[in-house]
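Here the structure is laid out as structure tokens; the discussion comes afterwards.
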Number of protein chains: 4
Amino acid sequence: MLPPILTENAMEKFAAQDPDFEAKVRASFARQGLMTNLGAKMVQVTPGEVVLELPYRDDITQQQSFVHGAAVAAIVDTACGYSALSLLPAGFDVVTVEYKVNFVAPAVGEKMIARGRVTKAGRTLTVCSGDCYAVRDGREKLIATLQATMMAVQS
Amino acid sequence: MLPPILTENAMEKFAAQDPDFEAKVRASFARQGLMTNLGAKMVQVTPGEVVLELPYRDDITQQQSFVHGAAVAAIVDTACGYSALSLLPAGFDVVTVEYKVNFVAPAVGEKMIARGRVTKAGRTLTVCSGDCYAVRDGREKLIATLQATMMAVQS
Amino acid sequence: MLPPILTENAMEKFAAQDPDFEAKVRASFARQGLMTNLGAKMVQVTPGEVVLELPYRDDITQQQSFVHGAAVAAIVDTACGYSALSLLPAGFDVVTVEYKVNFVAPAVGEKMIARGRVTKAGRTLTVCSGDCYAVRDGREKLIATLQATMMAVQS
Amino acid sequence: MLPPILTENAMEKFAAQDPDFEAKVRASFARQGLMTNLGAKMVQVTPGEVVLELPYRDDITQQQSFVHGAAVAAIVDTACGYSALSLLPAGFDVVTVEYKVNFVAPAVGEKMIARGRVTKAGRTLTVCSGDCYAVRDGREKLIATLQATMMAVQS
């Protein structure tokens with residue numbers, strides 16, 4: 001078992017500045033036409049971390065009938081973006097500046113779970129990391145890992 | 001006007017190894033449930049370069065009713081992947097190892113055009129770059145730029 | 001021969017806002033201890049594009065005596081950063097938010113040439129792309145390609 | 001305190017295939033001219049994880065006298081590469097296919113510590129993640145986070 005890469009004194013502790021952060025995050029997510037289209041659900045919102053799920057469907061696949069990498073990246077990027085938004089004051093929205101994603105295993109399973117969380121919260125820019133797991137017969141397997149930069153914009 | 005960043009002697013010239021590359025690419029694209037779902041169309045396939053289009057629709061949007069970055073990344077990644085596949089011998093398929101995408105302007109327009117092309121073709125790995133433009137009132141505006149690594153796998 | 005990926009009406013034209021941009025860029029570069037250490041030289045500064053060179057030396061190598069990828073990335077990132085700085089008003093400096101680099105061939109040659117240029121100039125963030133070529137017997141070969149996000153900060 | 005993003009059943013456990021992995025890794029590191037030049041030291045090698053240190057020096061700085069981002073990226077990329085090599089069988093070397101790095105705070109401190117570790121080990125490709133901390137007055141602060149793809153090559 002490897003020691004944790006983040007030592008205790010280096011680990012960021014996060015607190016929400018907006019007491020209504022969860023309602024704000026969920027309302028914004030509900031307005032995303034693409035997330036509704038894909039069938040993604042928001043399953044958890046805590047300060048600095050958001051979890052989404054995406055059940056398997058035929059219309060989110062690539063040519064080999066696995067879940068398309070773009071659908072996987074979509075939910076991890078979205079989880080990361082909302083993890084950043086969860087820490088911003090009221091009156092701000094968040095946009096994705098950029099992200100990088102590695103696909104490490106085929107997306108095969110009943111559903112995909114994306115966890116996004118804040119690595120470093122800043123006033124203008126927030127850096128996030130996220131992972132996606134395929135759930136098959138109740139076991140999670142890592143299928144993608146993503147690193148993103150988010151920017152706060154006045155809403 | 002800047003000089004081209006690729007000098008003549010450094011520019012790769014690409015030739016297809018599979019005479020049926022275009023049919024193979026188009027058939028694979030047609031099997032992608034997600035591309036059908038999003039409404040993406042393949043408009044051009046040449047050796048080392050593929051162009052896709054994505055008309056605006058309400059169900060591919062983010063919270064501000066722009067086209068979702070994930071849909072933008074989806075078509076640029078897919079264009080890049082097929083630009084790599086267009087150069088591979090018969091009997092091979094391609095998977096995305098990883099990509100990185102910057103979103104440089106809101107995706108606002110009647111349609112999005114994604115151009116993916118091969119930067120460096122290798123036996124195992126192919127490096128691609130791609131861009132996405134929003135077309136609004138007939139004018140193209142750069143909205144995203146992407147750099148990807150593709151891997152050849154036996155099909 | 002592939003058509004250019006940037007169509008004419010989408011290509012950005014850049015103009016410097018600070019008439020002293022070249023002197024500012026060269027003075028900042030001269031203060032970088034690491035660039036002096038590695039032996040990098042700034043060979044061209046135009047608005048939105050900067051070119052650096054790095055002659056081969058034994059103390060910038062990796063385990064196989066090629067130039068180390070970190071030295072390659074260093075000059076491309078630096079060329080990109082200064083291409084962004086060349087477009088900023090007086091009173092601003094630039095920091096690298098993030099970059100992504102692909103190494104596409106071994107760094108073998110008498111010298112490395114890095115070209116960085118601005119893809120999209122913004123008020124806060126500037127997106128750049130850069131390439132590195134190894135020069136061997138007078139011929140340039142692409143060895144790395146990089147995509148970066150720079151941020152303007154008051155100096 | 002956030003829950004760990006990697007759940008227990010998804011966390012990879014790594015074992016070395018080459019009993020001489022540590023000697024191989026340390027010998028390869030010692031041949032890197034650039035690492036000697038920068039003053040980097042290898043402080044820990046375990047299966048799937050490598051730690052490097054880089055003491056502050058004037059000749060590894062950028063224009064504001066902080067440690068140059070390129071030196072930071074150099075040690076994190078190198079730590080990641082050797083974390084991948086530590087898991088490969090005898091007779092293999094590793095090359096960096098690509099990496100992406102975010103710089104999240106200025107590199108200010110007596111020394112920098114880079115930790116690289118394997119996220120997903122594969123036969124051909126290994127995906128790694130790494131972080132760099134600045135140590136100042138005995139406290140570690142996260143300054144950079146990196147995600148990389150490594151490729152095994154026969155040596």
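Worth pointing out:
This table checks each residue for (1) in contact with a Phe, Trp or Tyr (Cβ under 7 Å, 6 or more places away or on another chain); (2) surrounded by 23 or more Cβ atoms within 10 Å (Cβ to Cβ).
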{"site": "B:57", "(1), (2)": "no, no"}
{"site": "B:65", "(1), (2)": "no, no"}
{"site": "B:81", "(1), (2)": "no, yes"}
{"site": "B:84", "(1), (2)": "no, yes"}
{"site": "B:147", "(1), (2)": "yes, yes"}
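- The test for being over 26 Å from residue C:152 (Cβ atoms), of a type outside the set (Phe, Trp, Tyr) and in contact (Cβ under 8 Å) with a residue 12 or more places away in the chain does not hold for residue C:116.
- Listed conditions (1) assigned to a strand (DSSP E or B); (2) surrounded by fewer than 24 Cβ atoms within 10 Å (Cβ to Cβ) are all met by residue B:89, apart from (1).
- When the range C:15-32 is filtered for residues that are assigned to a helix (DSSP H, G or I) and closer than 21 Å to residue C:148 by Cβ, the ones remaining, listed by number, are C:21, C:22, C:24, C:25, C:26, C:28, C:29.
- Subset tally (residues that are at the interface with another protein chain (Cβ under 7 Å from one of its Cβ atoms) and either acidic (Asp, Glu) or in a loop (DSSP other than H, G, I, E, B) (or both)) for the range C:46-86: 8
- When residue C:109 is tested against the conditions (1) within 22 Å of residue C:23 (Cα to Cα); (2) modelled with pLDDT of 95 or more, the lone failure is (1).
- Matching entry among B:84, B:79, B:90, B:71 (being hydrophobic (A, V, I, L, M, F, W, C), in contact with a helix residue (DSSP H, G or I) (Cβ under 7 Å, 6 or more places away or on another chain) and in contact (Cβ under 8 Å) with a residue 12 or more places away in the chain): B:71
- Flag if residue C:42 is part of a strand (DSSP E or B) and under 20 Å from residue D:61 (Cα atoms): yes
- Within the range D:118-141, the set of residues being surrounded by 21 or more Cβ atoms within 10 Å (Cβ to Cβ) and more than 22 Å from residue B:96 (Cα to Cα) comprises D:131, D:132, D:133, D:134.
- Subset tally (residues that are touching a residue at least 60 places away in the same chain (Cβ under 8 Å), β-branched (Val, Ile, Thr) and under 20 Å from residue A:90 (Cα atoms)) for the range A:28-65: 1
The values are calculated or read from the model by the stated rules, or taken from the named source; none is laboratory data. The shown structure was predicted, so the numbers you read here are calculated from the model rather than taken from an experiment. Note that we place each Cβ from the backbone using ideal geometry, even for glycine, and neighbour counts take in every protein chain shown.
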